[in-house]
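See below for the structure under consideration.
The values are calculated or read from the model by the stated rules, or taken from the named source; none is laboratory data. In this text, all values refer to a predicted model and were calculated from it rather than measured experimentally. Counting neighbours? That spans all protein chains shown, and the Cβs are built from the backbone with ideal geometry, glycine included.
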Amino acid sequence: MALPSTIYRVTIQLSDVDRGVYESLQTTVARHPSETEERLVARLLAYALFYEPELSFTKGVGAGDEPDLWVKGPDDRVLLWVEVGLPEADRIIKSGRHAARVVLVACGRALPNWEQQQFPKLEGVPNLSLIRFDQAFINSLVATLDRSINWSVTITDGNLYINVGADTFETVFKNG
């Protein structure tokens with residue numbers, strides 16, 4: 001018998017000063033049994049960083065041909081494709097041909113090796129943005145995880161601040 005997904009209720013108070021986006025976000029996110037808590041945190045960070053009203057989570061791990069998040073236009077074309085983790089370069093190259101804009105939120109313990117092996121193959125994808133998160137930052141947020149996630153997120157000048165209860169975490173997210 002397969003293990004069920006773990007459901008998280010998420011509230012994010014978003015203040016993205018860089019883009020002028022100020023929203024109170026509420027969503028429910030499922031973490032597949034094969035997904036790590038680190039990857040879940042990275043998906044939530046991607047949701048906050050690229051939030052727009054049409055941004056939605058996909059089936060994720062369970063749907064091999066979908067990204068983690070996307071924005072689809074009224075004609076069902078993918079306007080924004082957001083991938084989280086360390087995918088094969090071929091997957092990103094293919095998505096770059098089918099989506100107007102592609103974002104890879106690269107994170108994971110194997111990030112240095114992945115960068116050496118996969119990143120050179122991605123240099124020819126003109127509509128690709130790459131965000132890197134420090135593993136220690138991800139791990140700090142994982143330590144605060146509860147089934148009910150309550151974050152206050154501020155983004156300004158390429159700095160990311162997250163308040164969880166009385167704790168504040170910050171990082172510079174590397175874009176490019």
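Summary of values
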read-out	value
All positions within region 147-161 that are in contact (Cβ under 8 Å) with a residue 24 or more places away in the chain and either acidic (D, E) or more than 30 Å from H98 (Cβ to Cβ) (or both)	R147, S148, I149, N150, W151, S152, T154, T156, D157
Subset of region 34-68 that is over 25 Å from Y22 (Cα atoms) and either of a type in the set (S, T, N, Q) or in contact with a Lys or Arg (Cβ under 7 Å, 6 or more places away or on another chain) (or both) - its residue that is modelled with the highest pLDDT	T36
Restricting region 1-23 to residues that are in contact with a Lys or Arg (Cβ under 9 Å, 6 or more places away or on another chain) and crowded, with 16+ Cβ neighbours inside 10 Å, the residue that is modelled with the lowest pLDDT	S5
Tabulated pairs, region 116-130, first in contact (Cβ under 8 Å) with a residue 12 or more places away in the chain and over 19 Å from A100 (Cβ atoms), second surrounded by fewer than 17 Cβ atoms within 10 Å (Cβ to Cβ) and of a type outside the set (A, V, I, L, M, F, W, C), C-beta under 7 angstrom, 6+ apart or interchain	Q118/E88
Flag if V125 is under 30 Å from Q13 (Cβ atoms), in contact with a Ser or Thr (Cβ under 9 Å, 6 or more places away or on another chain) and buried (at least 18 other Cβ atoms within 10 Å of the Cβ)	no
Condition broken by R101, with the remaining ones in (1) surrounded by 18 or more Cβ atoms within 10 Å (Cβ to Cβ); (2) within 15 Å of the chain's Cα centre (by Cα); (3) closer than 30 Å to D76 by Cβ satisfied	(1)
Matching residues in region 94-129 - criterion: being under 13 Å from P67 (Cα atoms) and assigned to a helix (DSSP H, G or I)	K94, S95, G96, H98
Tally, over region 62-88, of residues that are in contact (Cβ under 8 Å) with a residue 24 or more places away in the chain and surrounded by 18 or more Cβ atoms within 10 Å (Cβ to Cβ)	9
Subset of region 1-60 (residues that are basic (K, R) and touching a residue at least 40 places away in the same chain (Cβ under 8 Å))	R9, R19, R39, R43
Residues satisfying the stated conditions in region 24-55, i.e. of a type in the set (G, A, S), more than 21 Å from L3 (Cα to Cα) and surrounded by 12 or more Cβ atoms within 10 Å (Cβ to Cβ)	A42, A46, A48
Hits in region 131-146 (condition: in a strand (DSSP E or B) and free of Cβ contacts under 8 Å to residues at least 60 places away in the same chain)	R132
Qualifying residue in region 13-31 (condition: under 16 Å from I162 (Cβ atoms), out of contact with any Gly (no Cβ under 7 Å at 6 or more places or on another chain) and in a loop (DSSP other than H, G, I, E, B))	yes
Selection count, region 46-58, where residues are in contact with a helix residue (DSSP H, G or I) (Cβ under 8 Å, 6 or more places away or on another chain) and not in a strand (DSSP E or B)	1
